[in-house]
């Protein structure tokens, strides 16, 4: 049994950047948003690496990354991501900011997935992050799943184990640092990934060269996908200014610090 | 005025989740009457627990197939309840079970959803407070579209304390659940052996990558670090969080603690837990100090860098000291107290 694994994921500002909200005619945005270095969203990255791992274990499978973001930024990020694992890219040219409405984004992504040439729903596994480092709502993937009428969804996934008959076992995060274990009869299904268990793959120039032959044309024919803030009215958008007065304790002995800590921990 | 529905699953033992009472408290701040909706294999106990909470009535879907937390059946039940209520605002606690389904439910209702709500206020209409960009930017927002589904984060609001008395009237909603393609086969703890994630703990202990680095003698001491951290968790009942750099070491083949998994990670790609107190040790970076403990009320840190820019301004107290020496003494004091 093979799968067509479609990964939904976009770009986010590099986590090391300082973010400052600004007002724009299109709604809230980030100061110098176009200038901020971008990376593939970390959760989407986990989903992509897990997809490639699953595809490698199930012969005949393939991975398609569907990404909605500013074309120029996508190109920069894909230069790096394409070195990691094999995939085909479908790019949609639109804003990737956190203040866009998940429902509008989901509608664009669902349409792009439906339009994938030769898409076989009986092989479709829709992957993505269960969160993101931008909007972080954790709903886009579910909405796309509903729009595609996929009956089975899993969120906070850390592991998938496919079986020869096409069924698979999924571990989903639940409360208390545990996993719920489920068995699904098979595709189609939606899997929103937490961090998974795989490290980031090392760069592989051969994979990079093969990917880039497809990535560049995909970027060139990226369809415009304008998305906005929907019916959301933002009453305020701000960085919290709370700074604590930190007491620096430099010359205390471990005994003194330990006593203070135990007293603090024990106090209700 | 909006009509409000609070929808929740019941726990496996039939009880009402604490997070549901928190979401109910958030709903009550809006001033409109609240209807509750519960689904599960047996909801009588949870419905009775709503006595004295001001809930006007309780809609229920009860079915043996709803014992398991599964998308297809849970989404069908929650959507049927929301449709039956006709509510324009649908609130739910952000448990893993409700988080899995409510976006799909919003889509089925033709509505819109916003999640990770930390506060609801009435400012010219229902207004939700939530964070963007991993707890870095806070926004207040309203929506024109209805129904508006809102997932309220656990731990953000004090749970409503039921006053007791007569239970609200219960109304059953008929529903034929779809035949599931997924079977839930159980719950598994991480292979690390020791359960170190304790959401109800008073203290969050955050371990950074410094625990596995070279110490004063020029050598790393991961076994000693492991023993110290475990002893502290056992002695204090704290929950364990970790920086990304530490949990990532496992994937890079370096020595990492047996009990540490990605589930422990707090910060950018980890969790943002809610505990009354947080103690960060050997951490240097934004993730544990800014993102990871955004919702930790009292914060202290132990590390060797007096000018650590991430702890300064973020922690209440920064102890400049060797965490190995300090935690050895802390553990001895905790053991003596017992």
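The numbers here are math on the coordinates, done by the rules we state, and not lab data. Everything quoted here is computed from the prediction, not taken from an experiment. Reconstructed Cβ throughout: ideal geometry from the backbone, glycine too, with neighbour counts over all protein chains shown.
Helix B:222-236 axis versus longest C-alpha principal axis of chain B: approximately 50°, rounded to the nearest ten.
So what's the back-of-envelope 222 nm ellipticity for the protein assembly as shown, counting only DSSP H runs of four-plus at -39500 (n - 2.57) apiece and dividing by all residues, rounded to 500?
Estimated from H runs of four or more residues: -8500 deg cm²/dmol.
Taken residue by residue and averaged, Cβ atoms of other chains lying within 10 Å of the Cβ of A:46-59 number 0. Helix A:71-81 and the longest principal axis of the Cα set of chain A meet at an angle near 90°. In the elastic network of chain A, a GNM with C-alpha springs shorter than 10 Å, the most mobile of A:106, A:80, A:115 is A:115. How many angstrom lie between the Cα centre of the range A:208-248 and the Cα centre of the range B:192-217? A separation of 32 Å, based on Cα centres. Each 20 Å bin from 0 upward holds the following percent of the Cα-Cα pairs of the protein assembly as shown: 20, 53, 26, 1.
Only bridges with both residues in the range B:26-185 count here: give the DSSP antiparallel percent, nearest 5. Walk me through the intermediate numbers first.
Values: 10 of 28 bridges.
Around 35 percent antiparallel, to the nearest 5.
Using the C-alpha atoms of the range B:4-172, what convex hull volume per residue, in cubic angstrom, is computed?
Taking the convex hull of the Cα positions in the range B:4-172, it is 102 Å³ per residue.
Kirkwood Rh over Cα pairs of chain A into Stokes-Einstein at 25 °C, 0.890 mPa s: D in µm²/s?
121
Between 0 and 90 degrees, rounded to the nearest ten: what's the tilt of helix A:254-266 against the longest Cα principal axis of chain A? Roughly 70 degrees, rounded to the nearest 10.
Remark: relative contact order (the range B:153-286) = 31 percent; criterion is Cα-Cα distance under 8 angstrom and separation of 6 or more residues.
Counted over the protein assembly as shown, the DSSP beta bridges are approximately 35% antiparallel.
From the alpha carbon centroid of the range B:110-131 to that of the range A:94-156 is 22 Å. Annotation: chain B has a Kirkwood hydrodynamic radius of 21.8 angstrom, from the mean reciprocal C-alpha pair distance.
Counting only DSSP beta bridges with both residues in chain B, tell me the antiparallel percent, nearest 5. Rounded to the nearest five, the antiparallel share is 20 percent.
Taken over the Cα atoms of the range B:203-337, the convex hull encloses 101 Å³ per residue.
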